[in-house]
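Take a look at the structure set out below.
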Amino acid sequence: MRKPHRPLAVLAAMALAATGTIAAAATASAESATRCIGTAGEVTVTGDLVVPSDRTCVLDGTTVYGEVRVQSGASLVATGATFSERVVVNSGAFFDATDTAVGGNLVSNGAYGVFLDGAQLDGHYLGRAADDATFLYSTGTSVEGRVEAVAGDVYLDGTEVALFVSTEGTTYTDVVDSTIGRELTVAHNEHGASVCGSEVDGNATYIGNGGVQAGPGVWLTDCEEINYFGADLTISDSTGEVDVSGSIIRGDLTGTDNEAAPTGSDNRIRGEAGGQFENLRAAPADFSRETREDDDVRTPEQVRTEREERREQAVAHGADLGPAGL
């Protein structure tokens, strides 16, 4: 026997009740999150963890089974920690993770900066728009997902990304001694992009950047190592100098509408060289390129220095605050 239909009014009431239940659960979850102000060691937090705005939290060996939120202007310094779910870093906040595992996504909502040192990220890094300068600096880190950024300085050093890397509108994007499992796409980086001693297994595409250095050179990155590109390398619409040298390219090397004629040497191209790259010539020995220092851009070295200063301040402040009582 067919069951009678419920009246629309009843269904609407049920929907509203369900919505209210969900909203109440979300509010309760936010209210029940454990606040971290000060320091904590090898303890376990079974729910969410929040660092309140403009406060400091320093964790050493701590495990958090819920979501971690670093509110505006706050600092979270983690060493040997384990975060089972995602970490969200809000505007002006700082997240510094050393030998730390993140089980979900790492989201930067206009953070002051994210520094990863020997970290393990099981999700994606998602760097969203920022009103002020921001950065992602990753060294010796493994990312099981993808890396995306639309603002700030992006520097990947000794980093393994299982999926793709995509940046657009950042200050610069440098990939050094790193491995990217799929595509690398870099677009409209005002102060250029470089790739040094790295492996990109998918297509590598550079569009509209303020210069591109692929391989040895000293103008964007001090590089002496060759690159391996598992598919096509395409560089187009660059507003600065372009040089491709010492690279192994399994696909094609091509590109058009670069303002300056590309240079390069010592490449092994298994596909075809086309467009402006058809007859590459090495740059003259006395060729002078404008460096980022000439444009007063914050270099990776300066990012490291700023990170060290912010980290030291956070650790000292956490010590002054005392145990967080998690």
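The values are calculated or read from the model by the stated rules, or taken from the named source; none is laboratory data. Since the model is a prediction, treat every value here as computed from it, not as a measurement. All Cβ positions, even for glycine, are placed from backbone atoms using ideal geometry, and neighbour counts span all protein chains on display. For the accessible areas, the whole protein counts, side chains as well, though only heavy atoms, and no ligand, DNA or RNA atoms are used. Shrake-Rupley method; radii C 1.70, N 1.55, O 1.52, S 1.80 Å.
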All conditions in (1) more than 10 Å from the chain's Cα centre (by Cα); (2) surrounded by fewer than 19 Cβ atoms within 10 Å (Cβ to Cβ); (3) assigned to a strand (DSSP E or B) are true of D174 except (2)
Name every residue in segment 133-154 that is closer than 18 Å to A81 by Cβ, of a type in the set (G, A, S) and open to solvent by less than 10 Å² (accessible area, probe 1.4 Å), in order of residue number. S138
So which of G92, G110 is open to solvent by 30 Å² or more (accessible area, probe 1.4 Å), under 21 Å from T134 (Cα atoms) and at pLDDT below 95? G92
Run G41 past the list (1) buried (at least 18 other Cβ atoms within 10 Å of the Cβ); (2) in contact with an Asp or Glu (Cβ under 9 Å, 6 or more places away or on another chain); (3) not aromatic (F, W, Y) and report the number of the one that doesn't hold. (1)
Listed residues A130, A78, A97, A119; which is modelled with pLDDT under 95 and crowded, with 18+ Cβ neighbours inside 10 Å? A130
Would you be able to say whether some residue in segment 192-200 is touching a helix residue (DSSP H, G or I) at 6+ places or on another chain (Cβ under 8 Å), touching a residue at least 40 places away in the same chain (Cβ under 8 Å) and open to solvent by 20 Å² or more (accessible area, probe 1.4 Å)? no
Those residues that are at negative phi and either touching a Lys or Arg at 6+ places or on another chain (Cβ under 7 Å) or open to solvent by 10 Å² or more (accessible area, probe 1.4 Å) (or both), I need them from segment 177-186; list them, please. T179, G181, R182, E183, T185
